[in-house]
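Single-structure report; data block below.
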Amino acid sequence: MAWRQWTPRQWWILGGYAVATAVLFAAPLFVSDFRLNLLAKFLAFAIVALGLDLIWGYTGILSLGHGIFFGLGAYAMAMYLKLEASGGKLPDFMSWSGLKELPLFWKLFEPFGAAVALGLLIPALLALGLGFFTFRNRIRGVYFTILTQALVIIVTTLLVGQQAFTGGTNGVTGYSTLLGYSLASPDTKRVLYWVTAAALLGVFLFCRFLTGSRFGKVLRAIRDGENRVRFIGYNPALYQTVIFTVSAGIAGLAGMLFVLHVGIISPSMLGIVPSIEMVLWVAIGGRGTLIGAALGAILMNWAKSEFSTAYPEGWLFFMGALFVIVVVFLPKGVAGLFQSPPPWLNPGKLLDRVRNGGSGTRGGPLLRLLRKKDNGKSIQSVRRQAE
Amino acid sequence: MELFVLQLFNGLSISSILLLVALGLAITFGLMKVINMAHGELIMIGAYATYLTQNLFISYMPAELFDWYFVLAVPVSFGIAFLIGMVLEAGLIRFLYGRPLDSLLATWGVGLVLQQLARTIFGAPNVAVKSPAWLDGGMVVMGGTLLPYKRLFIIALVIACLVAMYLYIYRSNEGRRMRAVMQNREMAACLGISTRRVDRMTFAIGSGIAGIAGCALTLLGPIGPSLGTYYIVDAFMVVVLGGVGKLVGTILGATGIGMFNTMFEYWTNASLGKVLVFVCIVAFLQWKPSGFVAMRTRSLD
């Protein structure tokens, strides 16, 4: 049995995950309805963060276009909800814009199953298209990032410009029911919360499976040395395209859940700024660790909802500073601190260093002085180890 | 025919603005491989510098000299943006060389702070800059087509900047050092070039050109704290399309995007036009993945 050989640390981690999952699912019991709705929204954001982490943290490709994939999923669900709320009539904003009958592509979103499938497929296919045409030509790194950002701009201008079909700047809002259940009732909201929590858990486990597999190993290899991977005989473009598509599909799923909790989707929620904020969540939580990305999204959004209404100006300064601090001082995010804590955060190790003289060349003059008398011994021990 | 000339002029005008915005990026991104997302905010700073110059002229100079404030505003915008760029390089960018994606995120944060700072100092609403009287009106060509002097002035300004850039990069000692560092940093350092100094100067010049772009943008409409964000992504597209490392690529990229944008927007509408331009860019990159003009190199990455 593999678990018999687990170290205490692994047991602690397993216990931590179990407690976190229990708290996640039990939250409706001790949280007010208003807070539950907020939390549900944050969980949806955590799902996007997981998707983004797959591509950025594990494959090393920065996408600034995840707001769009998130938004397209959200629009798919919003169109379904709008059609159900309109009850066979033309949605209100269409008649305001002078449309006489429902556009053909809206009819696709009438059945719930089709809307959900399209909410996953449209972002995934868009990502597949962009990914195929760019990775194939070895367009990567910053060039790819800029292209995704341009994609954000054109999709938002398209959504704003085609007012009759998309609701323009106002977006799509004014829903009443989902499959016949009222969206306003607390019971429905609680069930939707559990659905979102289950989705988060499912996506988390899926990402864990993916990153732990052979496929995930190749992804990390591409991140660390794309050309070597190519020379070994893999085709990086294939892996990059697949993971970009999967990641966009996950973002679409998150968008669908988001609309159910928030009740509106508009172009301002999927533009350039929201897209780059998503990247910030992952960066702060810790790129390359799944739990870091998810917790980063939840905590950042919680902080935003607490502070941004009270100090709207201060919040923007804070966020700007956070970008700089995280990139310069914490490139692995908060999760990186736990994986390999810097000496100033680990008193035990610091003490150890002072006593034993440490092994590195870092440290202040005092440390170096203390270290000096053991120098000969430590060099010998290093030699012994090397042999 | 008139319509054609008008469209051609509009395309040229958009291209010239794009080029002015992208020129600074071509230096910081093309030569230094730093993605400066705060470039848009440096443009904004240039625009506000022009606004301040105008206000100073109104307060302290005789009214008949007012029209000449713009002549002074160009070097002032350049100077202020240049200094801020220098501070930015010394305080942040130099820790991020070799990490382009990280530089993107960090400078985005800087841009956010600068934008909010402008909002705190100048207020959130847009402010208007009164353009000098000698730029009002326009030139009439081919019986009825009016070419505004402001747009012509911007085109002339772009040409002047291009010539100055060319002379600096290809005909001066400083420029030669700059090219040497960008081509082979270690070798240049061995030959006694202070690479730190060159990095700082290069980044500051890129920033200064952003300041000039901001100054030019005040001629086209009111300015606000988020002025730069409208242009930044298009400008990056110019650099991607044009290829990095040579000025001529940037010129081609800007002209291409500007002309096609005008053409498509005339045929369809503003939002569909942008989609078509994007599709064209992706299609073009299938043919030339590294843009119009690529530096020939044997290195792998």
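Coordinate-derived values only; no laboratory data. Every value quoted in this text rests on a predicted model; they were computed, and no experiment measured them. Backbone-built Cβ (ideal geometry, glycine too); neighbour counts: all protein chains shown.
Estimated from helices alone, the mean residue ellipticity of the protein assembly as shown at 222 nm is -23500 deg cm²/dmol (sum of -39500 (n - 2.57) over DSSP H runs with n ≥ 4, per residue). For the residues of A:326-339, the average number of beta carbons from a partner chain within 10 Å of their own beta carbon is 2. Cross-link pairs exceeding 32 Å between alpha carbons, from the set B:33/B:274; A:100/B:274; A:217/A:304: A:217/A:304. For the residues A:289, A:59, A:157, a GNM of chain A with alpha-carbon springs under 10 Å puts the largest fluctuation on A:157.
Legend: mean number of C-beta atoms from other chains within 10 angstrom of residue C-beta atoms, peptide B:279-290, equals 3. Which shape class, rounded, prolate or oblate, goes with the stretch A:27-333 when its Cα gyration tensor gives a ≥ b ≥ c as root eigenvalues, a/c under 1.5 marks rounded, and past that a/b bigger than b/c marks prolate? It is prolate, given that a/c is not under 1.5 and a/b is the larger ratio. Exposure proxy for B:39, A:261, A:66: other Cβ atoms within 10 Å of each Cβ, ordered fewest to most, give A:261, B:39, A:66.
Listed from fewest to most Cβ neighbours within 10 Å, the set A:207, B:215 follows the order A:207, B:215. Using just the C-alpha positions of the protein assembly as shown as equal point scatterers, what log10 of I(q)/I(0) does the Debye formula give at each q in 0.07, 0.12 1/Å? Scattering profile of the protein assembly as shown, log10 relative to I(0): -0.54, -1.44. For the pair residue A:169 and residue A:38 in one chain, pulling the backbone fully straight at 0.36 nm per residue adds 44.8 nm over the alpha carbon distance.
Taking the fewest neighbouring Cβ atoms within 10 Å as the starting point, the ordered list for B:89, B:64 is B:64, B:89. By how many degrees, 0 to 90 and rounded to 10, does the Cα axis of helix A:8-30 deviate from the longest principal axis of chain A? Once rounded, the angle reads 30 degrees.
Look at where the Cα atoms of the stretch A:114-169 and of the stretch A:43-60 average out, and the two centres are 17 Å apart. Per residue of A:146-155, other chain Cβ atoms within 10 Å of the residue Cβ number 6 on average. Considering only A:153, A:272, A:13, the mean-square fluctuation computed in a Gaussian network model of chain A, springs between alpha carbons under 10 angstrom, is largest for A:13. Distance between the C-alpha centres of the stretch B:37-91 and the stretch A:259-316: 35 Å, rounded to the whole angstrom.
Counting only aspartates and glutamates at least 8 places from residue A:82 when in the same chain, those with an alpha carbon closer than 16 Å to its own are A:92, A:101, A:110.
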